[in-house]
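The next block holds one structure in the form of structure tokens; read it before the comments.
None of the figures in this text is laboratory data; all of them are computed from the coordinates on show. Note that the coordinates shown come from a computational prediction; the quantities given were computed from them, not determined experimentally. Cβ coordinates were reconstructed from backbone atoms using ideal geometry, including for glycine residues, and neighbour counts include every protein chain displayed.
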Amino acid sequence: MSRPDPIREKFLRFFEKKNHTIIPSDSLVPSGDPTLLFTSAGMVQFKKYFLGENKGLSRVVSCQKCFRTSDIDEIGRTPRHLSFFEMLGNFSFGDYFKKEAIEWGWEFLTKDMSLPENKLCVTVYKDDSEAYDLWKQIVPEKKIYKLSEKTNFWSMGPTGPCGPCSEIIFDSGEESGCGKKDCSPVCDCDRGLEIWNLVFTQFDRDNSGKLTPLPRKNIDTGMGLERLSLVVNKKKNVFETDLFLPIINELEKTFECKYGSNKKNDILLNIISDHVRAITFLTSDGVLPSNEGRGYVLRRLIRRAVRQAKLLDYNEPFLYKLTNKVVSIMKGTYSDLYIRRENIAMITKLEEEKFIETLDVGINMLNEMIEKVQKTKKNTLSGKDVFYLHNTYGFPPELTEEILAEHKLTYNEEEFIEAQKSAKEIAKTSWRGVKVADINVYNKFGPTEFVGYEKFSSESTIKGIVSDGISVDSTGENKTAEIIIDKTPFYAESGGQAGDKGRIYSSKASAEVTDTQKTPEGVFIHSVKVTKDKFSVGDKITAEIDIEQRKSIMRHHTVTHLLHKALREVVGGHAAQSGSLVSPERLRFDFTHFSALDKRQLDRIEDIVNSKILDCLPVKIFYTELNKAREYGAMALFGEKYGERVRTVMVGGIENEPKTASSLELCGGTHISNTGEIGYFKIISESSIGSGGRRIEALAGKPAMEYVRRSEEMLNELCEMTKSSRSDLKERIESLNKSQKELEKKAENLQRQILSGKKAERAEYTIKNFKLIVQKIDNIDEKTLRSVADEIKNGVQSNSVIVVLNQKDDKMSFVIVATQDVAKKDIKIDSLVKEFVKELNWSGGGREDFAQGGGKTVDIKKITAVLKSLL
Ligand SMILES: [Zn+2]
Ligand SMILES: [Zn+2]
């Protein structure tokens, strides 16, 4: 048996021997490409090389983590579809081409993987005679299938780089085909398994559709590790390979079932084992369950997996345990998984628990909906309602359908689809509120040179002006606009650091810069409010940031690095940064941890950070290679993508010995040059942000000092208000609290005494053989009203009905109580009160021996008369 790890390793070594550089897998979260939610192919991280924008590497090989949701409905039902998979690929950027790609592909499969030649066949694009002739040297012509553009021609988009592809297919033989007369390895059925796709990118397509040969031709290949493992190990489906089997075995134990004994159950187990791998890797790459974007996809996956378990009648959280299984299978290749295993399990568990609760809520809501529909004697539920359940509570429509079927009901699917469509419209991918398509308005001006690491101002030229999303020649007077310049000292919001503010001016005009953002392609956008005259494209200007503000940002940024380090020291290495915000006023730091930090921990963090400030440590910036930085132990952000050369911020430590640093972090932000400049650090809050995340808010420099001053002022005010000194303020407040409570008690007693003493307003009547007591009082609260009634009751012992009336402005409330013996005999207070309030136009109700209510003020004589008439 050839285990997956050696297959992966053999592949990389094979191409390394052919002078390829091994590039580690990129994160599942691609950066710099807002059109992509997830890394879906090995090529994604090489896009720049591919387009010839980045030279230097011409042959690379990788095993890339990939995630796709396009086949989600097929997963588990077919032997080969997966959401998360690993893609083996070799790439050539303007170096070797078809001949080598084809020959090496064949060599690797037949020699290194020992796949039988007679089981393999290939496809080529129908017009690609070059590929056909190359394959002819290797395999018999009858094994070369010419296919159409649909399957064998690749393009990046409607225009741009494109080219034919060639696939290597594993033929599992006629006997496993569909049996049709024309069944072949390229039939639609499961007979042939595409294992390796070779893309020959050789053309550039223009607007008219014309193909021009590219000066630099590229090779881009992709082979699913899971599929390869399947054929190498002669398995029937990917779930039987070593990548999945340990997960399946664990599921067999959890659900007490046997894999392979029931087709329907097998599908459920397949789906869960696929999803749990995706969940583990996505979480490890920094995705947290949420209601939008990537987080939503993750949430859907978790819910989908939990839902499969529900179909197996399993209602407990289980996925989180399985993530450990995934970690143990994959940690050899992806060491990050092991480091983050606790976070992954915790995040999964919280989400599972939440969903199981949601399912219960959903079922209750659905039951109510069903009742309503049944009352109206209809048999169709509104599609909008089903969508609401789905969208708001994540209640799966197929589950709704099942439950409805039990009641012989259905729902309006058209309405459901309609509701879904309009929700999708709203949720369409956007970039800071700008539709992706519109980003080109900015990008056409080309990247901006950033000079703000060294300088606070620059002499620049205006390259473009954008107003309301449209490129214009000049700004209006006193108008807002977005200005793009050739070089800028303004830092654009990124990595959690706020964009700079400041001003832009020329000899005649000036404008305030209110914010700076940048597109993923590196175009800086300065939002301005013109204050004098106007600006035009081509103007020479001075760009000047607000220095005080920037300095405050830099203090907060550098101290964020110190906080990150101190946090890990105090709560543990699992406390990884999951987000941050650095502004002139404060900093916010989000991290993964599962319980509140106590006072002692927060104090320790504060102390560690402040001691680094007192030590006046130098802050040095240097550039190095990503691998080197990792070796030094530099902290990198959860799920962040870094280039080959990385900017590293080092605090303290011995010159040229990064390992000795107090903090070492990959970061593109701006920093002060010595920790002494931070002045002072103060944590002001620590709270939960859900899904296993915590948030610390803190201040540095002036805002920290102001905070302390404000706290001090408040303390002084308190001393003044309580007329005490600081040293006995605490005692003073304690004694105030105590006497407050005593006073309240006294007041209550007094009130009661006064009330019971107000005999004057009490009338007593004898009716039949019991007493009716009517007591009227004014302006007391409802609680006291009841206790007055009880008090009177206790005083009279037996044979009495007591009515207490309380008047407040034009409203009157009442309480009626009766002694036990009366209630037991013929007078039921609850039925009495019904008539009583009806006569007076009041409202109220009660039990056999007690009632309350009220309404508009009514004359006491009338009330008494009504009572007498009813008894
Ligand atoms: Zn077939
Ligand atoms: Zn930073």
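Which shape class, rounded, prolate or oblate, goes with segment 1-121 when its Cα gyration tensor gives a ≥ b ≥ c as root eigenvalues, a/c under 1.5 marks rounded, and past that a/b bigger than b/c marks prolate? Judged from the Cα gyration tensor, segment 1-121 comes out oblate (a/c at least 1.5, b/c at or above a/b).
Available extension along the chain between Arg762 and Glu657 is 28.6 nm, counting 0.36 nm per residue and deducting the alpha carbon span.
The stretch between Ser176 and Thr110, if pulled fully straight at 0.36 nm per residue, gains 21.6 nm over its current Cα-Cα span.
Where q = 0.11 Å⁻¹, what log10 of I(q)/I(0) comes from the Debye formula for segment 4-240, counting one point per Cα? Debye curve over Cα of segment 4-240, log10 I(q)/I(0) at q = 0.11 Å⁻¹: -0.56. Quickly work out the Asp73-to-Asn118 label distance, labels modelled 7 Å from Cα along the C-beta direction, and quote it in nm with one decimal. So the two model labels end up 4.0 nm from each other.
Under 18 Å from a point 7 Å along the Cα-to-Cβ line of Lys508: which residues of segment 530-546 have their amide N that close? 530-542, by backbone N distance to the label point. Working ranking of peptides 72-83, 731-742, 315-326, 209-220 by packing, defined as the average number of other Cβ atoms within 10 Å per residue, highest first, is 315-326, 72-83, 209-220, 731-742. Here the label points at Asn367 and Asp313, each 7 Å from Cα along the C-beta direction, are separated by 2.0 nm in the simple model. By the count of neighbouring beta-carbon atoms within 10 Å, fewest first, Asp112, Asp266, Asp5, Asp274 end up ordered Asp112, Asp5, Asp266, Asp274.
Within the chain, DSSP assigns beta bridges of which about 85% are antiparallel (rounded to the nearest 5).
Counting neighbouring Cβ atoms within 10 Å and putting the fewest first, the residues Ile541, Ile678 line up as Ile541, Ile678.
In this calculation the C-beta distance from Lys48 to Ser711 is compared with R0 = 51 Å, giving a FRET efficiency of 0.50. Most tightly packed first, judged by the mean number of other beta-carbon atoms within 10 Å of their residues, the peptides 184-195, 789-800 read 184-195, 789-800.
Fewest neighbouring Cβ atoms within 10 Å first, the residues Thr819, Thr151 line up as Thr151, Thr819. Annotation: extensible slack from Gln420 through Glu782 equals 125.3 nm (criterion: 0.36 nm per residue apart, minus Cα-Cα distance). Counting only residues at least eight positions apart within a chain, or on another chain, the aspartates and glutamates with an alpha carbon under 14 Å from that of Lys551 are Glu454, Asp500, Glu585, Glu677. Using alpha-carbon pairs under 8 Å, 6+ residues apart, how would you state the relative contact order of the chain in percent? That works out to 6 percent.
For q values of 0.06 Å⁻¹, compute log₁₀ I(q)/I(0) with the Debye formula on a Cα-only model of the chain, without solvent. The Cα Debye sum returns log10 ratios of -0.63.
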